[in-house]
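The values are calculated or read from the model by the stated rules, or taken from the named source; none is laboratory data. Since the model is a prediction, treat every value here as computed from it, not as a measurement. Here the Cβ is made from the backbone with ideal geometry for all residues, glycine too, and neighbour counts use every protein chain on show.
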Amino acid sequence: MAVKLTKNEQKKQKDALKQFERYLPTLQLKKQQLQVCIRQLSRQVEDLRRRQAELVDSLSAWIAVYGENSLFGPDGDIRKLVVVDEIVRGRGNIAGVIVPTFERISFKDIPYSFYDYPLWVDRGIEALKDCAAFDAEIRVLGEQEELLEKELRTTSQRVNLFEKVKIPEAKENIRVIGIYLGDQETSAVVRGKIAKKKLEKGA
């Protein structure tokens, strides 16, 4: 981009450079914060998935027994007793980004007969509710991660723009204007000396 080779333009470029150099560290800090937060979210999701898998593993023995027992039939499917009523979400702020937060999950109260289900039905219902709660929380954390990654991409682009384009461009413009103004000043001095000599000769 061509710039005007004037003192006003030189001042404008110097002011812009100061702004860029003042703003860049803030952007770099935000980029680091976002990277740290994304790593923390990934660890949280991994931890929740591990705990959910452990819960499922701990129930696998009686799930197998229940699945193989023809007495309960398709109408006795325990999953029918666990129906999500509401997932309550809030709003939070992570590294300057507004994100959804998981508050709680509630389930519909579905009555059932103890004659129609195995003895461990209460434990099974609680386990299914816990699994559903894990799913809901993991989903919200996934949304948080997605939003933070989007912000990280934008911030990284700005950091690159400042580091690789704006700051070098402003420095180069200041250098070019400085050389031009220096040459003009030298030319003016030379012209002044020539004019002075001509005047002296004329006198």
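Determine, yes or no, whether V165 is in contact (Cβ under 8 Å) with a residue 12 or more places away in the chain and either loosely packed, with under 15 Cβ neighbours inside 10 Å or under 23 Å from A95 (Cβ atoms) (or both). No.
Yes/no matrix, rows are residues, columns are (1) modelled with pLDDT of 95 or more; (2) within 30 Å of L17 (Cα to Cα); (3) assigned to a helix (DSSP H, G or I):
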position	(1), (2), (3)
N93	yes, no, no
I98	yes, no, no
F102	yes, no, no
I105	yes, no, no
K129	no, no, yes
R139	yes, no, yes
E145	yes, no, yes
I167	yes, yes, yes
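For the stretch 79-90, the count of residues that are modelled with pLDDT of 95 or more, within 16 Å of the chain's Cα centre (by Cα) and within 21 Å of K150 (Cβ to Cβ) is zero.
Regarding the stretch 122-138, can at least one residue be identified that is loosely packed, with under 12 Cβ neighbours inside 10 Å and of a type in the set (V, I, T)? Checking the stretch 122-138: not a single residue is loosely packed, with under 12 Cβ neighbours inside 10 Å and of a type in the set (V, I, T). A single member of E126, E103, E146, E137 is closer than 20 Å to V36 by Cβ and among the charged types (D, E, K, R), and it is E146. Residues in the stretch 91-119 that are more than 17 Å from the chain's Cα centre (by Cα), surrounded by fewer than 16 Cβ atoms within 10 Å (Cβ to Cβ) and touching a residue at least 40 places away in the same chain (Cβ under 8 Å): 1 in all. Could you tell me whether A188 is under 30 Å from V88 (Cα atoms) and more than 20 Å from the chain's Cα centre (by Cα)? The answer is no for A188.
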